[in-house]
Amino acid sequence: MKKLGLLLSLLLLTGCNIAVLEPKSETASDQAFLIVFSFWLMMIVVLTVFVLFVRFVYKYRYTDNKKDFMPKDVKGNKKLEATWIILPILLLAVLAVPTIAITYEQSPVAGDQSDHEGTHIYVTAQQFSWTFEHETGKEVQNDLVIPEGESIILHLNSKDVIHSFWVPHLGGKVDVLPGEELVYVIENPEIGTYQGKCAEYCGIQHAKMTFEANVVSIEDYERYVNED
Amino acid sequence: MNDYESALFKDKQIGFLIYLGAEAIMFTVLFATYLIFTPAEQGPHPTEVFKAVSVILSSFFLLSSSGTLIAAEKGLAKNNQRKFITWFAITLLFAMIFLGLEIHEFYTFVSDGYGISVNVFMSSFYVLVGLHAAHVAFGIGWMIVLFIHYMRKIPMSLFREKHKIFSYYWHFVDVIWVVIILLVYLPYLL
Amino acid sequence: MDIPLFGDTLFVPTDVMAAWVFTILMAIPIGLFILKKKKVGLIFDYVKTTNHRKIGTLYILFGIVYFFRAGVDALFIRAQLAFPNNDFWVFQGEKYNEVFTTHGTLMIFFVAMPLLLGLMNVVVPLQIGARDLAFPFLNAVGFWLFFAGSVFFNVSFFINMTPEIGWTGYAPLSTEQFTPGAGTDFYVFGLQISGLGTIFTALNLIVTIIRHRAPGMKMTRMPLFAWATLITSLLIIIAFSVLAIALYLLMFDRQFGTGFFSGSEGDPVFWQHLFWIFGHPEVYILALPAFGVFSDIISTFSKKVIFGYPIMVISIALIGFLGFMVWAHHMFTVGLGPMANTFFAITTMAIAVPTGIKVFNWLFTIRGGVVRFTTPMLFALGFIPSFVMGGVTGVMLSVSAANFQFHDTHFVVAHFHYVIIASTIFGIFAGLYYWYPKITGFVLGEKLGRWHFWTFLIGFHLTFFPMHITGLEGVPRRVYTYTEADGIFLLNFTSTIGAFLMGISMLFLVWNVYKTHTNGKKVGNDPWDGRTLEWYVPSPAPVQTFDPMPIVKEIDPLWYTKLENRSLRTTTSTRPAPIETESFIPISMAMALFLLSLGLTFSLYWLAIVGGIGVLGLFIVRSFTDEREHVYGKEDSYE
């Protein structure tokens, strides 16, 4: 997977790191897999179209000796048309299988429908900052500390408008709604420091509504939540 | 109506029916809004707000106005001027009574403390039933204008056309009212 | 900038100042030009016209004007993002938010929509052999409502009250609590008025296509642009009605103290549902007409009938139908739950199938033909690969779990610019170059056309391709700054260069139009060796067309008469044409609605009442000036 990611970045002529394709949690890995998998499936389509396009446009371009040439009218071709109905459906079916599997596992749900076990973090968003409350009652602003290797269960609430919680390395985003708690789970994060941000436009300083996500060892986490 | 006129009339009929289709979608969204937000978690409950008497009374006038309009149209078809004018005037009268009852209903609601911003149930009630009432008010204006056209003696075929288009509108407004009875009032009056 | 005013000082931001200065500087020479050339009469002619070609021209004219304004907005955005920690002019924070809001709203509602409606207005009647739209007066009303709505929306900038809620207007940010200023009201009423006009024009087009086709022009013989227009109009009727109510509810939330979308009982996600039930079909409303344009152009310049006509029609209809079942793919992250996310992922993937069919049918139309690289054809050819790139990222976005990463990032920005520019904007340019002779009688210059195409195409890919990568690197949309540490400077800088290249390419278009009108030669009926009926009438299309009326016997009727060296059979007995009229009522109605909205926006209820009475009064005036009164026979009596 990482190789594919690397290849991608080379292909796209950029040496810098593509956060989403360098997953640091199981959740993000599954998503990166889907991204890369769908990318290559779609490359089949792109290449087919490009090859046909270049070939047809080049071969059938106007030249002076075709001045009086009158092409034959082709009204259609049932077999060909059936081909490009059926093949895309098959291709999409291949894509749909992992999509459904991972979607069922990862979709954020309303607070009352969640029965996950793990480390609970209560996230409150407001214009333009984040508050993280741990199970011990410790509250910290704009600095999220979580233990490695655990299931991190985020309970998200907004005090004002809609925000969106996003740490690209750790997993996809989930909206933070006023008046309705959503629960999102990040599985097995790896130790490190990652950028987090608000991804839903929320007002004047939307761009500055960022935070830091620190994944630490379980012992460090225990120490952290118990100190004031 | 000659061929020339009936072709143009058919255009207009189809066009107006499509417009009513757009209106039907608008009302559908408002019905959905009402169903989503009613009853509200707090504030007044529909059962304490709605009064059966006023609904029955106003329904009687609006629904029978569809019938009287059909009677007027029959009079028009037979070139029976007396019959047309009588039934048309009754339709207009019924519409006005309905609107009066509706305004009265809103007025009592508001003076009982059930204004538009009391809770989401009242809000969704007013935006829906209020829009319908606005349609009735517009229809009343339309009827008056039609009546003047009748007195002016515009070409008869044109008048029939205008009258027909109006009757589509009026029946549509009636149908919306029936749905309002079924979805808005009835569940909380039974 | 602080300006002293009656003893107070008034704060006016420099960008607003610049807009005033620029507008006045532009208005003076244009005004002088009009006076010098004695064109005031022409303006009045267009103000009161109900002719489909003239109204189409007006739509296109204002669409282009707003295209430049929204394009300049885009350049401000790109200039601000060109460097890390950049402070370009005033475009940080609030001003940046304003500028991306107006860019999006204008481009969708006041650029793409009027340009497409303009092309439909000009071309569809000519393609199907109709003498005008079914309801010429209503057509004028539709245009002037669009005009009033667009002016209303644009006025906000000049008084420094620009909306800053994004073009999606998500609640509760768009409710009074969080955006108490008048800006959001300009958004609400601007869209409401112009949306109403769009509904009218759509129903007009439907009736025209159903009822006003030439004898023998069966539905199955219609050009694909007419088909696309028909399906698009049906989508408009449904989608814009939903938008109208969404805005109506938002208006009540903002003006009359209801709480549908905010507060303890309101539901902000309900706004998103309503908005996207409108918004997703809207994407197809923009794309389908472009598909129609490309179908006609590719067929003409390949000298071949379109490949698989029946399935092309079916796939347009299928896209339109599926378009209403995918709206929640914009909402994968709002917690609708796994069931809904899966359902909408699958329907979204399904929509790729009919779209793919169309792409392959276009390719096989080219196959075996003779491809002439005229400017319209270049845009059509540029469309195919560009659009496919946008299409496949669309499929990637439909993968709902992966979408948790893509959602609201630059990746999405890249995706929708790829699909909308490649289809709608390329389609509009292709259509403008192609049908320009039907509008003005001139063919636009080919050489400058090629410059326009290539700079636009390259600029477009330079701008949006890097955004796929910045999105995956973790850049959310609608942020105005980034740091060097983010490592995205080069990609952003490339995007900025691309954006300016697109800006430059538009100057080629302006120069081309100027050159064509000063040096160009008028062309005959059929400059492109066309296939369909619009090339049968003179260029520009006269007010009285199709006299006598042609009789149609096949698809591409004009083409086969040329092949077989015969002339179209005609007839003089046809169905009655719509009645032409001239009236100031449409523009007056629009102005009355403008005043009504202004009154509501600033809580000047007397003004709102004046506007409302004005609208109703004009209804009555209209009823008493009905042009049919003079045409209808009096054989029926009152007794």
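The values are calculated or read from the model by the stated rules, or taken from the named source; none is laboratory data. Keep in mind that what you see is a predicted model, and the values were worked out from it rather than measured. Methodologically, a virtual Cβ is constructed for each residue, glycine included, from the backbone with ideal geometry; neighbour enumeration extends over all protein chains shown.
With respect to residue C:522, is the statement that it is more than 14 Å from chain A (Cβ to nearest Cβ), among the basic types (Lys, Arg) and under 23 Å from the mean Cα position of the chain (by Cα) true? Considered against the rule, which asks whether it is more than 14 Å from chain A (Cβ to nearest Cβ), among the basic types (Lys, Arg) and under 23 Å from the mean Cα position of the chain (by Cα), residue C:522 comes out as no. Looking only at residues of the stretch B:114-149 that are among the aromatic types (Phe, Trp, Tyr) and touching a residue at least 24 places away in the same chain (Cβ under 8 Å), we find that the one that is farthest from the other protein chains (Cβ to nearest Cβ) is B:114.
Within the stretch A:62-93, take every residue that is surrounded by 12 or more Cβ atoms within 10 Å (Cβ to Cβ) and among the β-branched types (Val, Ile, Thr) and give me the one that is nearest to residue A:29 (Cα to Cα). Full working, then the answer.
Step one: of the stretch A:62-93, the residues surrounded by 12 or more Cβ atoms within 10 Å (Cβ to Cβ) are A:62, A:66, A:71, A:73-77, A:80-81, A:83-85, A:87-89, A:91-92.
Checking which are among the β-branched types (Val, Ile, Thr) leaves us with A:74, A:83, A:85, A:89.
Details: A:74: 48, A:83: 34, A:85: 32, A:89: 26 Å.
Ranking the qualifying residues of the stretch A:62-93, first place goes to A:89.
Report, by residue number, each residue of the stretch A:208-228 that is buried (at least 21 other Cβ atoms within 10 Å of the Cβ) and either among the acidic types (Asp, Glu) or within 30 Å of residue C:269 (Cα to Cα) (or both). Within the stretch A:208-228, A:209, A:211, A:213 meet the criteria. Of all positions in the stretch A:196-208, at least one carries a residue that is part of a loop (DSSP other than H, G, I, E, B), among the small types (Gly, Ala, Ser) and either more than 12 Å from every other protein chain (Cβ to nearest Cβ) or within 15 Å of the chain's Cα centre (by Cα) (or both).
Scanning for something assigned to a loop (DSSP other than H, G, I, E, B), within 13 Å of chain A (Cβ to nearest Cβ) and within 30 Å of residue A:160 (Cα to Cα), does the stretch C:312-331 turn up at least one residue? Taking every residue of the stretch C:312-331 in turn, at least one turns out to be assigned to a loop (DSSP other than H, G, I, E, B), within 13 Å of chain A (Cβ to nearest Cβ) and within 30 Å of residue A:160 (Cα to Cα).
Quick check on the stretch C:539-546. Is at least one of its residues surrounded by fewer than 16 Cβ atoms within 10 Å (Cβ to Cβ), under 22 Å from residue C:440 (Cβ atoms), away from chain B (no Cβ under 14 Å) and without any contact (Cβ under 8 Å) to a residue 60 or more places away in the chain? So far as the stretch C:539-546 goes, yes, one or more of its residues are surrounded by fewer than 16 Cβ atoms within 10 Å (Cβ to Cβ), under 22 Å from residue C:440 (Cβ atoms), away from chain B (no Cβ under 14 Å) and without any contact (Cβ under 8 Å) to a residue 60 or more places away in the chain. For first residues located in the stretch A:44-56 and closer than 7 Å to residue C:363 by Cβ, partners that are not in a helix (DSSP H, G or I) and lie 6+ apart or on another chain with Cβ distances below 7 Å form the pairs A:56/C:367.
Quick one: in the stretch A:138-155, which of the residues that are touching a residue at least 40 places away in the same chain (Cβ under 8 Å) and farther than 18 Å from residue A:193 by Cα is farthest from the chain's Cα centre (by Cα)? So, considering only residues that are touching a residue at least 40 places away in the same chain (Cβ under 8 Å) and farther than 18 Å from residue A:193 by Cα, the one farthest from the chain's Cα centre (by Cα) is A:138. Restricting attention to the stretch C:368-395, which residues are facing another protein chain (nearest Cβ under 7 Å), surrounded by 21 or more Cβ atoms within 10 Å (Cβ to Cβ) and under 21 Å from residue A:85 (Cα atoms)? Once the filter is applied, which keeps residues that are facing another protein chain (nearest Cβ under 7 Å), surrounded by 21 or more Cβ atoms within 10 Å (Cβ to Cβ) and under 21 Å from residue A:85 (Cα atoms), the stretch C:368-395 yields C:384, C:388, C:389, C:392, C:395. Scanning the stretch C:332-351 for residues that are assigned to a helix (DSSP H, G or I) and either closer than 16 Å to residue A:173 by Cα or under 26 Å from the mean Cα position of the chain (by Cα) (or both) yields a count of 10. Screening residue A:137 with (1) within 13 Å of chain C (Cβ to nearest Cβ); (2) over 30 Å from residue C:390 (Cβ atoms) gives one miss only, at (1).
If I ask for residues that are small (Gly, Ala, Ser), within 14 Å of chain B (Cβ to nearest Cβ) and assigned to a helix (DSSP H, G or I), which ones from the stretch C:91-140 would you list? Once the filter is applied, which keeps residues that are small (Gly, Ala, Ser), within 14 Å of chain B (Cβ to nearest Cβ) and assigned to a helix (DSSP H, G or I), the stretch C:91-140 yields nothing.
Can you pull out every residue in the stretch C:532-559 that is under 26 Å from the mean Cα position of the chain (by Cα) and farther than 15 Å from residue C:443 by Cβ? The answer is C:532, C:533, C:542, C:543.
From the list C:356, C:337, the lone residue that is within 10 Å of chain A (Cβ to nearest Cβ), touching a strand residue (DSSP E or B) at 6+ places or on another chain (Cβ under 8 Å) and either within 25 Å of residue C:380 (Cβ to Cβ) or surrounded by fewer than 21 Cβ atoms within 10 Å (Cβ to Cβ) (or both) is C:337. You will find that of C:416, C:373, the residue that is at pLDDT 95 or above and in a loop (DSSP other than H, G, I, E, B) is C:373 and no other. For the stretch A:132-187, filtered to residues that are of a type in the set (A, V, I, L, M) and part of a loop (DSSP other than H, G, I, E, B), the residue that is farthest from residue A:119 (Cα to Cα) is A:161. Applying a threshold of 6 Å to beta carbon distances and a minimum spacing of six or more residues, or different chains, the list of pairs starting in the stretch A:178-189 at a residue that is facing chain C (nearest Cβ under 8 Å) and ending at one that is in a loop (DSSP other than H, G, I, E, B) and crowded, with 18+ Cβ neighbours inside 10 Å reads A:182/A:108; A:182/C:335. Taken over the stretch C:63-95, the criterion of being crowded, with 20+ Cβ neighbours inside 10 Å, among the aromatic types (Phe, Trp, Tyr) and either at pLDDT 95 or above or in contact with a strand residue (DSSP E or B) (Cβ under 6 Å, 6 or more places away or on another chain) (or both) is satisfied by C:66, C:67, C:76.
A residue that is under 25 Å from residue C:135 (Cβ atoms) and either at pLDDT 95 or above or of a type in the set (A, V, I, L, M, F, W, C) (or both) occurs nowhere in the stretch C:562-572. The set of residues from the stretch C:34-62 being surrounded by fewer than 12 Cβ atoms within 10 Å (Cβ to Cβ) and in a helix (DSSP H, G or I) comprises C:35, C:36, C:40, C:41, C:42, C:43. Specify which of the listed residues (C:158, C:256) is modelled with pLDDT under 95 and facing chain B (nearest Cβ under 10 Å). Exactly one residue qualifies, and that residue is C:256. Summed over the stretch A:71-110, residues that are outside any helix (DSSP H, G or I) and facing chain C (nearest Cβ under 7 Å) total 10. Of the helices (runs of 4 or more DSSP H) that lie entirely inside the stretch C:560-639, those containing 2 or more residues that are more than 10 Å from chain B (Cβ to nearest Cβ) span C:585-601, C:605-624. Determine if the stretch C:20-28 includes at least one residue that is under 30 Å from residue C:534 (Cβ atoms) and part of a helix (DSSP H, G or I). No.
Evaluate the following for residue B:18: is it out of contact with any Leu (no Cβ under 7 Å at 6 or more places or on another chain) and either closer than 30 Å to residue B:113 by Cβ or not polar (S, T, N, Q) (or both)? For residue B:18, the condition - out of contact with any Leu (no Cβ under 7 Å at 6 or more places or on another chain) and either closer than 30 Å to residue B:113 by Cβ or not polar (S, T, N, Q) (or both) - is not met.
Each residue in the stretch B:1-57 was checked for being closer than 30 Å to residue C:236 by Cα, surrounded by 14 or more Cβ atoms within 10 Å (Cβ to Cβ) and hydrophobic (A, V, I, L, M, F, W, C), and 18 of them qualify.
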